[in-house]
Structure formats: structure tokens, C-alpha cells
Amino acid sequence: MATSSHTTIAGRWLRALCVLSTLASSAVNVALLVAHRPIFAALGVPLPVDVRLFFVETSLSFTIGLVGLLAVRQGKRVESLLAVGVLGKGLYATTTFAFCALGHEHGFFYSLAAGDAFLVFVFLLYWIQSNGEALFELEIDVFEGIANSGRAATKKALLVSISEKRTPALDAIETRLRRHGYEVDAAAVVAQGAAASGSVMGALLRWHVPVAPLRVPRDHDHDWDLVVVESPDWLFGVAAPVEAALRDPANRWIFQGRDAAVLVVSRGSHRRALAMIVALLERAGANVVAARAVVDDAAAGLFPAPLGAATYTLTDAGRTEAESLGASLAARARTRPHWTLLLGADEEPHA
């Protein structure tokens, strides 16, 4: 996946919160190591029965906090250290809380356990954020398209949807693409048998839904340079039929070696659905250039919409977002070598 120059505001704030929380925790540990007697006396806390064990535990807590701080400061290069920090602080918080609950420690130590638990929470949020940074960037930018896919330069797009009718968001994208000279085809995800009615429990548990191979037009050379995949979000994830269609090896040729964009019609929460579709498209060999979400204004909620229905409506902001995406996709830069899709960005093609 290409990279963007954008750094998300959420990422910067979480990074700062990690640093400040770790410094605060480290300061508390240093204070306890240096002046535990006057501190405990002032708070009415009895001295530890085993002072040496107290020093060892406090020193370990301090060290593990610094390990987490180093991981946050150094970023991806030492990401495994962040796991060490999360695990170490988590164990320390859990054992301290357990000993307090069993009456083996003074209630003061609850506050230390709470501080370490908060640090674990912040570290986990930062970890999730840093691993999903590319998804945030995809929601902001349109990434580089493929410069040379082995086909002549084309301006043809394929729109893939759960509905056989043209949906409002794809209609807005198609309008902009055609305005920029694109020819546009459509393909529908068709579930088979009882799955055609959709399943709430199936969506929640990610049950496999049997689907027919994507119905694509057969009257030309299938020389699309762009594939746009639309899906509603079903219970915090991609619609099960769309997921099945993207996993189906019979459909891989539709996505492999082409630019692809993702559009999620949100009925509650869209980020996991976006992440799932992006991952599935990349496994199918697509070059994902953008990911967006628009809100279903008519029926917000958690439960799946009827499969194949195009009944949702867009807010004015949602239609503007879809139109903007269509225009940006049509005008995207095409500078990415095709071989990076096959060999990886850090490898050179063989002579």
C-alpha cells in the first residue's frame, strides 16, 4: 500500500497521551523508590512487609514503563517492545488488584493498579491506532494508481454492490466518473439459497454465505482500470455476501492487478467494515487507493438492511462525499509500478 504524508490527529494525541501517562507513572515509581517511608507515613499506609520485594516490583514497573515509552518514541521499528510494555503493566495491575482484593495489600495500592491499568488502556489504543494508520490515510487521500498494468491505458470502471439496482452512493460516483470520460460497468453480489434473505446471527458470527460468481458484463475485454466495491456495514463488519464474494477464488481475476476503492454505507459503525474490505481486496491482488464511508440517513442502526435492497438515502454531506470520491478517483495519479503488487514495494523485478 502506498503511503501518505498525513498524520492523523488521533494518532498524535494518543502518542502524546502515552508519553505523558508513562512519565507520570515513572515519576510515581521513582518517588516510591526514593521516599516511600515519608509518603506512606503521610498517607497512613503501613510499610511493606518485604521491603526488598517492594523495591523489585517498583523497579520492574518503572522499567516496563520505560520500555513502553521507548516503543512509542521509536514507532514501528520496535513495535514488539510495546507488546512487552502492555503485557508487563497488565500483569502488574492485575496482580496488585488481586492482592488488594484478597486483603493482602493496603487499599492505597488500588490507585497504583488503576494507574497501570489506565496505561495499558492507552498503550492498546495507540497500538490499534498505529496499526490502522494506513486506513485513516486511505480515508483522507486517494493513493497512487497503477502506472502500467500490462494493458493499454483505459478509463473504464467496474462498480460492485450488494444490490442489482444502482445505489445512491454508487450513482453519485458513477456520475463523476462519466463526467471525467469513464465508461462504467456494474456487477452485483448474488447470494444463493436461503442466504438471500440475510442473517443477523450470521452477520454477527461471520458465518460463510454462499454466493454466485460476480455477474460481470461479457460483451467487452474486461479492461477496467478501477473497481469500486460498496457494502453496507452489518453488525460492525462488512456484509457477509460481499465478504464471501471477495474471498471467492473465482472472482480474484476481477480485482488482481487493478486499482480498487472501498465505499461503506454506514448504519452504525464503519471502521471495521472498511478495514475488512481493504484487507480482502489486497489479498486478491488489488491496489487499494481509497476508502470512504457514507451514512445511511434513512435507517441508522445495527441490524442488516434487506439483501439486495437499494433503499437507503444519503445526507447532502454523504452525496457530496461520494461525488468527491468519484472525481478524485478519476483524476488519481498513476505512478505506482505494477510489479510492486506482485513482489512487494521493497523488491525489484527480475531482469
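Regarding segment 19-39, can at least one residue be identified that is under 30 Å from Asp141 (Cβ atoms), modelled with pLDDT of 80 or more and outside the structural domain of Asp141 (by TED's automatic domain parsing)? Let's see the steps before the verdict.
We begin by selecting, within segment 19-39, every residue under 30 Å from Asp141 (Cβ atoms); these are 19-20.
Now drop any that are not modelled with pLDDT of 80 or more, which leaves 19-20.
Still in the running and outside the structural domain of Asp141 (by TED's automatic domain parsing): 19-20.
Yes, segment 19-39 has at least one match.
Evaluate the following for Val72: is it modelled with pLDDT under 75, hydrophobic (A, V, I, L, M, F, W, C) and either touching a Lys or Arg at 6+ places or on another chain (Cβ under 7 Å) or on the phi > 0 side of the Ramachandran plot (or both)? I'd like the intermediate steps shown before the answer.
Working: modelled with pLDDT under 75: yes; hydrophobic (A, V, I, L, M, F, W, C): yes; either touching a Lys or Arg at 6+ places or on another chain (Cβ under 7 Å) or on the phi > 0 side of the Ramachandran plot (or both): yes.
Criteria met by Val72.
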Original post:
Say we look at segment 82-113 and pick out the residues that are within 15 Å of Phe62 (Cα to Cα) and surrounded by fewer than 17 Cβ atoms within 10 Å (Cβ to Cβ); which of these is modelled with the lowest pLDDT?
Top reply: Val84
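Answer yes or no as to whether Gly257 is in contact (Cβ under 8 Å) with a residue 60 or more places away in the chain, of a type outside the set (Val, Ile, Thr) and touching a Gly at 6+ places or on another chain (Cβ under 9 Å).
On the way: in contact (Cβ under 8 Å) with a residue 60 or more places away in the chain: yes; of a type outside the set (Val, Ile, Thr): yes; touching a Gly at 6+ places or on another chain (Cβ under 9 Å): yes.
So Gly257 fits the description; yes.
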Original post:
What are the residues in segment 145-197 that are modelled with pLDDT of 80 or more, farther than 11 Å from Gly326 by Cα, of a type in the set (Val, Ile, Thr) and surrounded by fewer than 21 Cβ atoms within 10 Å (Cβ to Cβ), if any?
Top reply: Val184
**OP:** Determine, yes or no, whether Leu281 is at pLDDT below 90 and not in a strand (DSSP E or B).
**Re:** no
Original post:
Quick one: which of Thr315, Thr335 is closer than 14 Å to Gly145 by Cα, β-branched (Val, Ile, Thr), surrounded by fewer than 19 Cβ atoms within 10 Å (Cβ to Cβ) and modelled with pLDDT of 70 or more?
Top reply: Thr335
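The values are calculated or read from the model by the stated rules, or taken from the named source; none is laboratory data. As the structure is a prediction and not an experimental result, all values here were calculated from the model. Positions of Cβ are backbone-derived with ideal geometry, glycine not excepted, and every protein chain shown enters the neighbour counts.
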